[in-house]
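Okay, so here's the structure we're looking at.
The values are calculated or read from the model by the stated rules, or taken from the named source; none is laboratory data. These numbers come from a predicted model, not from an experiment. Reconstructed Cβ throughout: ideal geometry from the backbone, glycine too, with neighbour counts over all protein chains shown. Protein only, heavy atoms only, side chains kept; ligands, DNA and RNA dropped before computing areas. Shrake-Rupley method; radii C 1.70, N 1.55, O 1.52, S 1.80 Å.
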Amino acid sequence: MSSDRNSPKKVGAARPASAFQRMERMPPLLMMLYVGLVGITVLFAVLVGAYAFTHFRDGASSGVYALPRFFSLSTIVLLASSYVIAQASRIYAQDDLATLRRCLGATLLLSCIFAGLQVLGWRELMAQGIFFDGMASGTFVYLLSALHVAHLLGGMLFLLVLLLRTHYASNDAVRALVFIRNPYRRLQLRMVTLYWHFIDGLWIALFAAFLFLY
């Protein structure tokens, strides 16, 4: 009788996991995040579609008013914050909590600058005589950018909590070891990084829509 070692491999043993199997293995919190991102995408897609429909229905001309320059500056700032937080996973893998703390802090600071530039952009719209209750094109710019900032603030709150926990753990060797070896902290960092890149990509899409329709 041949041994198990010499027996042929079971059928499908080396077959990669199906999409459904990967979903089953996915942490519930990460699954909830993906569902939330899909919902946010649908919301903004509907609003941008309504913006485009209103724009073309009314026969509005694009380029009559200059898009606030602060929106362009805020785009650069948000891209920079996305690049900074992209380094967090590598820093975490190196067990360097002090650098991770600075990385998360820099991301939070850049996001605050982005939100401030958005407010300045709204003031620039007002200086052009465009208000929230005015023409439809201006109303959608206010609405879409404000909704984006609101979703950014949610990410900033989560980032602040993670930053405080990182700061607390970095002040003690034992707490630092527990923090680094905790898979839940790794998941949190992965989730906030994923959300941040999503918010970044969402703003790029909105900014492109503004350039085309405003």
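Here are the numbers:
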item	result
Relative contact order, percent, the range 83-207 [alpha-carbon distance under 8 Å, six or more residues apart]	32 percent
Solvent exposure ordering (accessible area, 1.4 Å, most first) of 152, 164, 120, 47	164, 120, 47, 152
Residue 95 - accessible surface, heavy atoms, 1.4 Å probe, Å² rounded to 10	80 Å²
The range 117-181 - Kirkwood radius from inverse mean 1/r over Cα pairs (Å)	14.6 Å
Charge sum, other residues only, whose C-beta stays under 15 Å from residue 155's C-beta, Lys/Arg counted +1 and Asp/Glu -1	0
Convex hull volume per residue for the range 94-214, taking Cα atoms only, in Å³	97 Å³
Sequence of 156, 32 when ordered by accessible area, the most exposed leading, probe 1.4 angstrom	32, 156
Accessible solvent surface per residue of the range 61-214, calculated while the other protein chains remain in place, 1.4 angstrom probe, Å²	48 Å²
Charge context of residue 89, other residues only, Cβ under 14 angstrom, K/R +1, D/E -1	+2
Exposure rank, largest accessible area first [197, 55; 1.4 Å]	197, 55
Which of 141, 117, 92, positive extreme of dipole for the range 77-214 (C-beta unit charges)	92
Estimated vicinal HN-Hα couplings, Hz - the range 79-84 in sequence order (Karplus 6.51, -1.76, 1.60; Gly, Pro = x)	4, 5, 5, 5, 5, 5
Charge dipole magnitude, Cβ of K and R +1, D and E -1 - the range 43-166, Cα centre, debye nearest 20	220 debye
Radius of gyration, Dmax [the range 156-201; alpha carbons; angstrom]	11.7, 38
Net charge contributed by nearby residues that have their C-beta within less than 15 Å of residue 108 (K/R +1, D/E -1)	+2
Equivalent ellipsoid, the range 75-117 (semi-axes from 5 times Cα gyration tensor eigenvalues, Å)	22, 10, 4
